[in-house]
1. Filter segment 74-109 for residues that are closer than 19 Å to Ile16 by Cα, exposed (fewer than 15 other Cβ atoms within 10 Å of the Cβ) and of a type in the set (A, V, I, L, M); which is modelled with the lowest pLDDT?
2. Which pairs turn up if I take residues in segment 1-24 that are touching a residue at least 12 places away in the same chain (Cβ under 8 Å) and among the hydroxyl-bearing types (Ser, Thr, Tyr) and look for partners that are in a helix (DSSP H, G or I) and surrounded by 12 or more Cβ atoms within 10 Å (Cβ to Cβ) with beta carbon separation below 7 Å, at least 6 apart in sequence or on another chain?
3. Scan segment 15-49 for residues that are aromatic (Phe, Trp, Tyr) and surrounded by fewer than 16 Cβ atoms within 10 Å (Cβ to Cβ) and jot them down.
4. Could we say that Ile52 is surrounded by fewer than 16 Cβ atoms within 10 Å (Cβ to Cβ) and free of Cβ contacts under 8 Å to residues at least 12 places away in the same chain here?
5. Quick check on Val26: is it of a type in the set (A, V, I, L, M, F, W, C), assigned to a helix (DSSP H, G or I) and touching a Gly at 6+ places or on another chain (Cβ under 9 Å)?
6. Is it the case, given these coordinates, that Leu46 is part of a helix (DSSP H, G or I), within 26 Å of Tyr67 (Cα to Cα) and under 9 Å from the mean Cα position of the chain (by Cα)?
Amino acid sequence: MTDTFVYQVLLDGVVIFHLAFIVFVVLGGMLVFAWPKIIWLHLPCLIWGIFIELTGGICPLTPLELYLRAKAGEPAYVGDFIIHYIDPIIYPGGLTREVQILLSALVILVNAAVYGWLLLHKKKGAMSEKRH
């Protein structure tokens, strides 16, 4: 096994994790329906994702990906299936500051709707229990 192969495997793993994290930030609130305790993992991730987008910050996974890319001997953001198909989702072309803010607003709205629905149904459930 060569060092290049090891770095490529690590890079692929980080890219997959990065995508999974993004999906979890956007849609993870829906998992709370099935597993209520996951809220304690989702809320900090949600806050972090919104913070990074609104401040224009860089997720620590990005420099790690770039480091692993360089170690794997890859040019930036091209390569095998994972790099070719997942990177455009994580790093879309034309990603401007305005688009980042719009994406943040979308993430906030989706999660506010999910958590609002959860709270509403939790209150309704509590009220029904009081009546019985």
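1. Among residues in segment 74-109 that are closer than 19 Å to Ile16 by Cα, exposed (fewer than 15 other Cβ atoms within 10 Å of the Cβ) and of a type in the set (A, V, I, L, M), the one modelled with the lowest pLDDT is Val78.
2. Pairs that qualify, where the first residue is touching a residue at least 12 places away in the same chain (Cβ under 8 Å) and among the hydroxyl-bearing types (Ser, Thr, Tyr) and the partner is in a helix (DSSP H, G or I) and surrounded by 12 or more Cβ atoms within 10 Å (Cβ to Cβ), are Tyr7/Leu68; Tyr7/Lys71.
3. Going residue by residue through segment 15-49, those that are aromatic (Phe, Trp, Tyr) are 17, 21, 24, 33, 35, 40, 48.
Passing the criteria: Phe17, Phe33, Trp35, Trp40, Trp48.
4. On the way: surrounded by fewer than 16 Cβ atoms within 10 Å (Cβ to Cβ): no; free of Cβ contacts under 8 Å to residues at least 12 places away in the same chain: yes.
Against the criterion (surrounded by fewer than 16 Cβ atoms within 10 Å (Cβ to Cβ) and free of Cβ contacts under 8 Å to residues at least 12 places away in the same chain), Ile52 does not qualify.
5. For Val26, the condition - of a type in the set (A, V, I, L, M, F, W, C), assigned to a helix (DSSP H, G or I) and touching a Gly at 6+ places or on another chain (Cβ under 9 Å) - is met.
6. Criteria met by Leu46.
The values are calculated or read from the model by the stated rules, or taken from the named source; none is laboratory data. All of these numbers come straight from a predicted model, not from anything done at the bench. Cβ coordinates were reconstructed from backbone atoms using ideal geometry, including for glycine residues, and neighbour counts include every protein chain displayed.
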